[in-house]
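Working notes, structure below.
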Amino acid sequence: MPRLLEGFGGRGAEHAPKRHDELASLACDAAGGDPKALRTLLTTLTPQLLRVVRRVLGADHPDLEDIAYEAAYAVIDGLRRFRGEASVRHYACRVAALTAMNVRRRECASKRDRERDIVDPETFAAGGSLPDQAAFQRSLAPIVRELVATLPDALAEALTLHVILGYTVGEIAESSETPVETVRSRLRLAKRSLRKRALGHPVLGEVLEVEP
């Protein structure tokens, strides 16, 4: 990723990391403008960034590598402001998750024709047969991701980090510099809001046998 190195100046990080982890010193050097450290950091983190983007957007998304590249650039840009409250890996994964969520929001705003990716609820009403369970779950995954994208930013972030990436409440609080109780509250509100949206969705409402 040579282009990621372009324009990365020699200014140091605003704050040195407060904790030790295996990438902390490397991140400090990269934030200070060391191109070798930056290259090593990117080589180390990029596969994980790609995995995060894939989990948030789905393995069949056509632009996973480009979005991971966008996330990597965002990580670089944020190193100058990284204060070390969380590990470098947690910080980078959070940036990748937020980047992927923003992509999903842009897609939801510009594309509404996703009927080819879902199961038509009229199939059930007409007595059609259900697809196999794995295929059925895959068909619903894009809908769930779109519903998550409609949540307020703070709620969507907490839910994505907790449910999709498996972060604990403490890890989310640490990486986002948010009180633990606030994170718990956001998760409760996110789940409640997501359930309400799911029950009102024309496809998920049928699946759950609940009137929209």
**Prompt:** If you check E122 against the conditions, is it in a helix (DSSP H, G or I) and modelled with pLDDT under 85?
**Reply:** yes
**Message:** Within the stretch 156-168, does at least one residue satisfy the condition of being more than 21 Å from R54 (Cβ to Cβ), small (G, A, S) and part of a helix (DSSP H, G or I)?
**Reply:** no
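The values are calculated or read from the model by the stated rules, or taken from the named source; none is laboratory data. A quick note: this is a predicted structure, and the numbers were derived from the prediction, not measured. Heads up, the Cβs are rebuilt from the backbone with ideal geometry, glycines too, and the neighbour counts pull from every protein chain shown.
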